[in-house]
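The values are calculated or read from the model by the stated rules, or taken from the named source; none is laboratory data. Here the structure is a predicted model, which is why all the values come from computation and not from measurement. All Cβ positions, even for glycine, are placed from backbone atoms using ideal geometry, and neighbour counts span all protein chains on display.
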Amino acid sequence: MPDFISLKNGKLIVPDHPIIPYIEGDGVGQDIWSQAQVVFDYAVEKAYQGRRKVKWLEVLAGKKAYDTTGQWLPEETMTRIKDHLVAIKGPLETPVGGGIRSLNVALRQELDLYACLRPIRYFKGIDSPLKDPEKTNITVFRENTEDIYAGIEWEAKTADVKRVIEFLQTDMKVDKIRFPATSSIGIKPISIEGSERIVRAAIEYALKHKLSHVTLVHKGNIQKFTEGGFRKWGYELAQREYGAYLESGQLQINDIIADNFFQQALLHPENFDVVVLTNLNGDYASDALAAQVGGIGISPGANINYQTGHAIFEATHGTAPDIAGQDKANPCSILLSGAMLFAYIGWQEVADRIQGAIEKALENQEMTADLAQASKVKALSTSQFAKRLITYL
Ligand code: NAD
């Protein structure tokens with residue numbers, strides 16, 4: 001189909017007028033998406049003078065979907081994203097109660113988006129708690145499908161947990177459950193396959209971007225077979241599949257225990273290029289790293305399956321109900337996620353333009369209220385900020 005992005009022999013085939021589904025998102029979703037789309041289209045126009053153009057296709061999820069269709073995540077949305085491979089989304093309201101799991105988790109699981117990619121960098125002009133925030137330039141690869149997020153747990157005092165504890169004590173000879181009568185039990189699976197595919201994705205990214213250090217972050221000193229397995233299988237994969245790069249020095253792979261990583265990332269962030277982590281460690285680390293460059297509200301993210309090509313780029317903040325509909329929200333997270341999307345489909349010129357325009361605006365202390373307060377400058381509204389970006393594009 002002519003306007004469909006597809007995957008052939010591991011490579012994305014991108015037409016000049018690709019259809020890209022977007023989920024506007026709830027709360028501030030509308031404020032930021034309406035501006036972001038204008039910026040994206042203008043950046044594409046500037047880069048390709050009409051030769052290329054995105055056909056944005058709205059698909060519904062979250063509150064807007066529920067109000068329109070009675071479903072939080074309509075089947076139609078999944079089908080469209082499956083068909084078009086690449087999509088972008090704003091923040092989604094997680095319905096409270098009613099047994100509905102996080103929509104974000106549902107999207108990731110349904111499409112097996114195993115790599116959560118979070119590039120963390122400093123933008124000049126932003127207030128940061130660090131002395132030299134520009135030294136932090138770290139790309140996080142967080143495993144997205146395993147670990148405690150598999151949701152295998154049993155509640156204390158239930159019949160199920162009693163069976164699990166009895167099995168552990170009798171069959172597995174476990175004698176270290178301190179308070180068996182009142183313990184909940186959780187199990188985390190970490191597999192060879194799951195570890196290998198995320199480490200491979202991190203190494204491929206490092207090689208593509210000419211970054212030499214890939215660091216495996218883990219808690220293998222405590223959990224020898226899960227976290228320790230992640231480390232071991234990561235090294236083995238690197239040796240087996242990237243031996244020549246290791247020998248030539250083009251690639252260096254090392255590992256660090258997670259708690260030490262948090263320390264070293266603050267003290268010597270320049271020592272890290274690409275870090276690859278299990279799911280929970282990756283969750284903590286990506287927000288902590290974003291915070292240290294003052295970028296928690298603006299850092300972008302993507303969830304990718306490199307085998308199928310499926311990828312969802314997303315604003316990493318929530319729906320910010322306190323400022324929704326007020327033209328106040330910072331659109332940088334969705335904009336930078338868009339830049340990642342364009343880089344992913346090979347439209348690097350567009351990605352560079354969007355990033356460059358944001359760099360210029362922030363450096364000139366043109367920013368929305370969330371950042372302006374700390375920098376003691378007058379805040380721009382979402383739409384004023386977007387207009388400044390257009391002039392810089
Ligand atoms: P939140 O990120 O929405 O808000 C936390 C604070 O950050 C608020 O003060 C808010 O005003 C501010 N903020 C967030 N985004 C901003 C932006 N773009 N510009 C300026 N300020 C911004 O987190 P929350 O209040 O914990 O969650 C609200 C809702 O969002 C919940 O329903 C939650 O489930 C959902 N949520 C969704 C996602 C997602 O879809 N990726 C992520 C987190 C939370």
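Being charged (D, E, K, R), touching a residue at least 40 places away in the same chain (Cβ under 8 Å) and more than 15 Å from the ligand (Cβ to nearest atom) is true for just one of K157, K135. Which residue is that? Before you say what the answer is, go through the steps one by one.
Details: K157 fails: touching a residue at least 40 places away in the same chain (Cβ under 8 Å).
Result: K135 is the single residue among K157, K135 that is charged (D, E, K, R), touching a residue at least 40 places away in the same chain (Cβ under 8 Å) and more than 15 Å from the ligand (Cβ to nearest atom).
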Inset, instruction - Quick one: which helices (runs of 4 or more DSSP H) lie wholly within the stretch 221-340 and hold at least 1 residues that are touching a strand residue (DSSP E or B) at 6+ places or on another chain (Cβ under 7 Å), away from the ligand (no atom under 16 Å from the Cβ) and closer than 24 Å to K135 by Cβ? - result: 258-267, 279-292
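So which of D26, D16 ends up being more than 15 Å from the ligand (Cβ to nearest atom) and part of a loop (DSSP other than H, G, I, E, B)? Write out each step before concluding.
Numbers: D26 fails: more than 15 Å from the ligand (Cβ to nearest atom).
Selected residue: D16, the only one of D26, D16 that is more than 15 Å from the ligand (Cβ to nearest atom) and part of a loop (DSSP other than H, G, I, E, B).
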Legend entry - Neighbours by Cβ (under 7 Å, 6+ apart or cross-chain): first from the stretch 368-384, surrounded by 17 or more Cβ atoms within 10 Å (Cβ to Cβ); second part of a helix (DSSP H, G or I): T368/T382; T368/F385; A379/A369; A379/A372; L380/R388; T382/D31; T382/I32; T382/Q35
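Pick out the one residue from Y114, Y149, Y122 that is buried (at least 17 other Cβ atoms within 10 Å of the Cβ), modelled with pLDDT under 90 and more than 13 Å from the ligand (Cβ to nearest atom). Break it down stepwise before answering.
On the way: Y114 fails: modelled with pLDDT under 90; Y122 fails: modelled with pLDDT under 90.
Y149 is the lone residue from the list that is buried (at least 17 other Cβ atoms within 10 Å of the Cβ), modelled with pLDDT under 90 and more than 13 Å from the ligand (Cβ to nearest atom).
When you look at K11, is it surrounded by fewer than 24 Cβ atoms within 10 Å (Cβ to Cβ) and at pLDDT below 95, yes or no? Outline the logic, then answer.
Details: surrounded by fewer than 24 Cβ atoms within 10 Å (Cβ to Cβ): yes; at pLDDT below 95: yes.
Here the answer is yes, as K11 does meet what is asked.
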Legend entry - Which listed residue is modelled with pLDDT of 95 or more, under 23 Å from T308 (Cβ atoms) and not hydroxyl-bearing (S, T, Y), from G228, G220, G243, G234: G234
Inset, instruction - Quick one: in the stretch 72-102, of everything that is in contact with a Phe, Trp or Tyr (Cβ under 6 Å, 6 or more places away or on another chain) and within 26 Å of L277 (Cβ to Cβ), which residue is farthest from the ligand (Cβ to nearest atom)? - result: I88
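Would you be able to say whether some residue in the stretch 34-49 is of a type in the set (G, A, S) and away from the ligand (no atom under 16 Å from the Cβ)? Walk me through it before giving the result.
Kept after step one, since they are of a type in the set (G, A, S), are these residues of the stretch 34-49: 34, 36, 43, 47.
If we keep only those that are away from the ligand (no atom under 16 Å from the Cβ) as well, we get 43, 47.
There is at least one residue in the stretch 34-49 that is of a type in the set (G, A, S) and away from the ligand (no atom under 16 Å from the Cβ).
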Inset, instruction - Might you let me know whether the stretch 93-102 holds any residue that is in contact with a Leu (Cβ under 7 Å, 6 or more places away or on another chain), part of a helix (DSSP H, G or I) and under 21 Å from H317 (Cα atoms)? - result: no
Legend entry - Residue list for the stretch 363-386, restricted to those being of a type in the set (K, R) and under 15 Å from K328 (Cα atoms): K378
